[in-house]
Amino acid sequence: MTPSTTFRFLSDLKKHNDRSWMEQHKKEYLQSRDTMLAFVKDLIRETGRFDPDILLLEPAKCMFRINRDTRFSANKDPYKTNMGAFMNKGGKKIQTAGYYVHIEPGASFIAGGLYMPMPEQLSAIRQEIDYNLDQWIAILKQKSFRNYFPDGLDKEHTLSRSPKGYDAENPAIEFLKLKSFTVSHPVSDSFFQKSGAVSDTVAIFKSMQPMIRFLNQALDN
């Protein structure tokens, strides 16, 4: 369970996004971070029951830093106004499909998959979908998956034309045009503040596990 103090801290940080304010409220930040770490630890333990690749991950190495990289951004605010963690095979420094939790006042969500894979990985995934389209579609049509992701895969990053080597009439073309393979389920702030937050989050993770397994098998081939 993520207490209301974490959401209050993130809301205050959004209003006072500067280093001097953060220094004055370092205690609240550390408390919020420790709470998130404990939450991620529980998620790893429970997710590991059906996805052993997750079981040995270290919570601290799954979490993203709150400091923003402002070098190439027009937004020069020094801090993110959310807390997020990615649990995936090999750890978040390895580009494999996994599970993501995002806590942000008014904009929290649970997601998973593989975001913007490198060209070789993208090619491998497209080939796997092309070769095993029936299996891929069956995964996306599973009742538990559709319950949380009724619109299917995110379409934010999609080619306007067929990728090189694939015909526009290919039955898998809607998937082959994708440059990311992710799903996202928005949740309310109260979702993370109730006693069943871990089990409810893990239930969403479990619904996407067949998709994640398919993507990672494509990368392993």
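Computed from the coordinates by the stated procedures, all read-outs in this text should not be read as laboratory data. What you see is a predicted model, and the numbers here were worked out from it, not measured in a lab. Cβ placement follows ideal geometry from the backbone for every residue including glycine, while neighbour counts extend to all protein chains displayed.
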Loop-resident sites, segment 130-173, for trypsin sites (Lys or Arg not before Pro), counting at most 15 other Cβ within 10 Å (DSSP) = Lys141, Lys155, Arg161, Lys164
Among Leu153, Ser195, Ile125 - extreme Cα towards positive end, dipole of segment 4-220, charges at beta-carbon = Ser195
GNM on the chain, C-alpha springs below 10 Å: top fluctuator among Thr70, Thr35, Thr81?
-> Thr70
Before rounding to the nearest 500, sum -39500 (n - 2.57) across all DSSP H runs of length at least 4 in the chain and divide by the residue total; then give [θ] at 222 nm in deg cm²/dmol.
-> -13500 deg cm²/dmol
In a GNM of the chain with a 10 Å cut-off on Cα contacts, which of Ala111, Ala197, Ala97 has the highest mean-square fluctuation?
-> Ala197
Taking the Cα centre of the chain as origin, work out the dipole magnitude from +1 charges on Lys and Arg Cβ and -1 charges on Asp and Glu Cβ, in debye rounded to 20.
-> 540
State the answer as a single residue: which of Ser162, Leu10, Tyr99 lies farthest towards the positive end of the charge dipole of the chain, with beta carbon charges of +1 for Lys and Arg and -1 for Asp and Glu, about the Cα centre.
-> Leu10
Rg/Rh (Cα only; Kirkwood hydrodynamic radius) as it applies to the chain | 1.00
Here are some pairs, Lys61/Lys93; Lys143/Lys206; Lys76/Lys155; Lys26/Lys80; Lys179/Lys206; which of them have Cα atoms lying more than 18 Å apart in this structure?
-> Lys76/Lys155; Lys179/Lys206
Within segment 1-105, list the trypsin sites (Lys or Arg not before Pro) lying in a DSSP loop whose Cβ has at most 16 other Cβ atoms in a 10 Å radius.
-> Arg49, Arg65, Arg68, Arg71, Lys76, Lys93
Quick calc, segment 105-183, dipole around Cα centre from Cβ unit charges on Lys, Arg (+) and Asp, Glu (-), nearest 20 debye, gives 160
For segment 10-96, state which chymotrypsin sites (Phe, Trp or Tyr not before Pro) are in a DSSP loop and have at most 10 other beta carbons lying within 10 Å of their beta carbon.
-> Phe72
Short version: ³J(HN,Hα) in whole Hz for each residue of segment 138-154, in order, from phi by Karplus 6.51 cos²θ - 1.76 cosθ + 1.60 (θ = phi - 60°), x for Gly and Pro, what are they?
-> 4, 5, 6, 9, 4, 4, 5, 5, 5, 4, 9, 10, x, 8, x, 5, 5
If Thr201, Thr158, Thr6 are placed from fewest to most neighbouring beta carbons inside 10 Å, the sequence is Thr158, Thr201, Thr6
Whole-Hz Karplus ³J(HN,Hα) for segment 117-127, in order, using 6.51 cos²θ - 1.76 cosθ + 1.60 and θ = phi - 60°, x for Gly and Pro?
-> x, 5, x, 5, 5, 4, 4, 5, 5, 4, 5
